[in-house]
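None of the figures in this text is laboratory data; all of them are computed from the coordinates on show. It should be emphasised that the depicted structure is a prediction, and the values quoted were computed from it without experimental measurement. For neighbour counting, all protein chains shown are included, and Cβ atoms are generated from backbone atoms with ideal geometry for every residue, glycine included.
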Ligand SMILES: Nc1ncnc2c1ncn2[C@@H]1O[C@H](COP(=O)(O)OP(=O)(O)O)[C@@H](O)[C@H]1O
Ligand SMILES: [Mg+2]
């Protein structure tokens, strides 16, 4: 290849990239953790959170608050927005209060969640090794000594409770005399509407002194939200109204999920950019939907426990062998056969039946109960994904690799 040819290729790449830049004005604003200054349709929620936290401004302890709503209803964005506003005010007015935000799904453990709180109030604790109660008592001691007032936001708090139970929340919500004259208020945010049922009665009443629900958005509302987001992130004339409307319609069909809407817009815009197109239209959105759904399926597949993976594979093989009669019994036999091949001990039919239900909930199979009158009932299993998709997702799993024939 001559130098000239090289240059031509590079020129083409660069000019494509420059064209692409015409599409984006601010790529960051399309990230799903971006918090816009304006949050339409959330005035009632912002007002309530504001009122609940306002006592901070005259040095009193605000009530604990539990926020719920499905994913993408603006819980995280609204809470972060309020915190930013409050922090601005308390700095201006020289009020001494700490706001600490952490996401329990990211921190992962009780220890690391507490470590976030500790480090935010200026306490260094080792990366691991202390007992939770020890970390807690060091935090409380420091807060007491320095009369520290703090609001601790635990986002996706349901992860913590599912994994560890509610002991930590009990300790955090019942520590006022150990901290006084300082105080600690808690804001818990949950995507899981049933979360409260996992809490013991005492923690339940303490944590949800105040409660706030974020309802899903309507398609119309998503359209407004997306239009504002597109104005922030894309150049004027770089997108069609049809593209925005389609993103809104597709994200409002299950429950009004603004995260899905924003993700869709971002992926569609990136596809358009890669194409070198300077107009994002509904065609890009249609391709983006497929891509997002594929990514979601392969994430779900990759994170399945090993036995669930084998059960899923057994369902796919059974449906191949006998599409008319892929009963749970047939799937179970196939499952045992596959377990033998991997050297794993197989689970009982009861456990496997439970795994089938879980796979059904995840949308990876459909299990329908078929009644044979006096011959009894059986579950008919239909896989919703192909062998190819499964093998691609499972290939990184050593235990699974030699199960594909
Ligand atoms: N009312 C709103 N106005 C503008 N953007 C919003 C609004 N609600 C949600 N969003 C955006 O949608 C995405 C998901 O919101 P988020 O607050 O993370 O939802 P949740 O925490 O309820 O799952 C974020 O990118 C956020 O900026
Ligand atoms: Mg959130």
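For this structure, a couple of remarks:
- Spacing of the two label points (7 Å from each Cα toward its C-beta) at residue 10 and residue 392, in nm: 3.4 nm
- Computed as a quarter of the hull surface, the mean projected area of the alpha carbon convex hull for the range 43-213 stands at 9.2 nm².
- Fully extending the segment from residue 123 to residue 237, taken as 0.36 nm per residue of separation minus the present Cα-Cα distance, adds 36.0 nm.
- By average C-beta atoms within 10 angstrom, highest first, the peptides 146-156, 263-273, 335-345, 379-389: 263-273, 146-156, 379-389, 335-345
- Computed on the range 304-401, the Cα convex hull volume stands at 92 Å³ per residue.
- When the alpha carbon gyration tensor of the chain is reduced to an equivalent ellipsoid, the three semi-axes, largest first, read 42, 35, 22 Å.
- Helical runs assigned H by DSSP (4 residues or longer) give the chain a calculated mean residue ellipticity at 222 nm of -17000 deg cm²/dmol, each run adding -39500 (n - 2.57) before division by the residue total.
- D_trans [Stokes-Einstein, Kirkwood Rh over alpha-carbon pairs] for the range 1-93, 20 °C, 1.002 mPa s, µm² s⁻¹: 124 µm²/s
- Length gained on full extension, residue 213 to residue 137: 24.1 nm, using 0.36 nm per residue less the C-alpha separation.
- Over the range 225-342, the reciprocal of the mean inverse Cα-Cα separation, the Kirkwood hydrodynamic radius, stands at 16.9 Å.
- Here the convex hull built on the C-alpha positions of the range 237-304 has a volume of 81 cubic angstrom per residue.
- What separates the Cα centres of the range 223-289 and the range 323-382 is a distance of 40 Å.
- Debye log10 I(q)/I(0) at q = 0.13, 0.17, 0.18, 0.21 Å⁻¹ for the range 136-233, Cα point scatterers: -0.60, -0.81, -0.86, -1.03
- What the Cβ-Cβ distance of residue 94 and residue 384 gives, at R0 = 56 Å and to the nearest 0.05, is a FRET efficiency of 0.45.
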